[in-house]
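The values are calculated or read from the model by the stated rules, or taken from the named source; none is laboratory data. What you see is a predicted model, and the numbers here were worked out from it, not measured in a lab. Note: ideal-geometry Cβ built from the backbone for every residue, glycine included; neighbour counts use all protein chains shown. What goes into the accessible areas is simple: the full protein's heavy atoms, side chains included, and nothing from ligands, DNA or RNA. Shrake-Rupley method; radii C 1.70, N 1.55, O 1.52, S 1.80 Å.
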Amino acid sequence: MTTAVATALVLGGCQTTNIGSILPGGYLSDKDDKCYAQRAALDSTGNTFETEVLRNVLLGAGAGALGALLADENPFVGAGLGAAAALAGTLLYDLQRQTGNSVELTEAAIKGVREENTRIDLLLTRFEALRGCRYDEAQDIREALDAGRITRAVAEERMAAVRERYQEDVRQMERIASNISDRTEGYAAVYNQIAADNGGRQLEVNAPRLSQGGGARVTRTANLRSGPGTQYDKVGRLTRGTRVTVLSSANGWSRIVNPNGGQAYIADFLIGRGRGAGPASARIENRPAEKPLPPGRVDDVVLPSNERDKVGDLQAVSLANVEKRDRVYEEVATSKAQTDAFTLS
């Protein structure tokens with residue numbers, strides 16, 4: 001069996017994660033969920049990361065019978081490499097078969113990381129939409145209670161259900177974040193493998209670095225508005241240091257979860273989103289890059305002297321990839337801290 005055919009089998013198997021989502025008890029099993037469309041969009045995007053992680057673990061580290069099927073073509077099967085090196089090795093192995101020279105391979109690697117960064121941006125957009133839908137759902141319950149359309153007992157029951165679905169959403173995003181983290185380390189290993197052949201410096205990747213307490217904070221006493229502008233009514237006031245969850249931002253205003261209930265708008269310049277103190281998640285060391293793969297596993301990727309600026313391009317997109325991974329973890333941490341937004345008060 002060829003590597004291409006076996007890979008198709010692996011990918012076909014990974015697609016069952018979507019089937020599992022719609023089975024009873026699965027993430028997408030409740031089609032009456034008001035935020036079902038947003039959930040499905042998140043699941044679809046998140047599955048692209050899960051599929052590729054599993055593919056590279058299976059191809060890189062070996063997987064029993066499948067490993068035996070691939071052993072004649074893939075040098076990483078049964079190699080006993082770490083996950084990052086296995087992923088990097090498989091990517092480079094595939095790229096070397098698909099490209100004609102080191103320049104094309106490096107350009108393809110740069111393109112791959114850029115596309116990964118775009119997928120993470122899409123994931124964050126879809127998670128923001130889902131989270132916003134949950135907040136809207138909670139607000140609808142509060143308004144129905146205030147208008148006397150439902151009893152408090154019914155409102156509490158519905159709010160508890162929304163809170164549980166929100167927590168499921170956060171757990172789903174947390175699983176996706178873990179897969180993205182594995183991939184980030186793999187892409188960093190690809191950079192180091194290529195950089196080592198071209199006089200580049202070592203890229204070190206650490207665990208995600210989060211803001212102190214997570215999320216955005218109000219930088220000084222601020223008015224909350226019913227809409228995105230000073231012409232809208234004041235609906236509250238927040239003191240300096242208050243943590244807020246930003247649902248969306250446009251034209252200098254952010255829609256946030258009002259800590260006092262519901263949603264409100266605040267001017268962007270009154271919100272700080274800086275990261276906390278601590279070691280950087282990624283840094284370029286002042287030493288030559290080291291190859292993560294043992295000698296002979298993949299061909300050297302030596303660029304002509306007039307093309308070595310591409311190593312810098314790969315470094316830049318790899319660093320951006322780490323920043324985007326951190327942003328995913330930041331969103332998870334912020335969302336975990338905001339379950340108290342799903343109350344009737």
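Taking the range 223-345 as the region of interest, the number of lysine pairs whose Cα atoms are within less than 25 Å, with members eight or more places apart or on different chains, is 4.
Projecting the Cα atoms of 124, 112, 147 onto the charge dipole of the range 101-148 (Cβ charges, centred on the Cα centre) puts 112 farthest toward the positive pole. Looking at the range 138-232, the trypsin sites (Lys or Arg not before Pro) that sit in a DSSP loop and have at most 16 other Cβ atoms within 10 Å of their own Cβ are 149, 220. For the range 284-345, the gyration tensor built on C-alpha atoms gives a prolate shape. Its axis ratio a/c (a ≥ b ≥ c) is at least 1.5, and a/b is the larger of a/b and b/c. Taking all protein chains in place and a 1.4 Å probe, what share, in percent, of the accessible surface of the range 244-345 do carbon and sulfur account for? Carbon-and-sulfur percentage of accessible area, whole number: 48. Under 14 Å from a label point set 7 Å out along the Cα-to-Cβ vector of residue 142, the amide N atoms of the range 327-345 belong to 339-345.
Taking 136, 233 and ordering them by how much accessible surface each has at a 1.4 Å probe, largest first, produces 233, 136.
Using a ≥ b ≥ c from the Cα gyration tensor of the range 151-246 (square roots of the eigenvalues), is it rounded, prolate or oblate, where a/c under 1.5 gives rounded and otherwise the larger of a/b and b/c decides, a/b for prolate? Verdict is oblate for the range 151-246.
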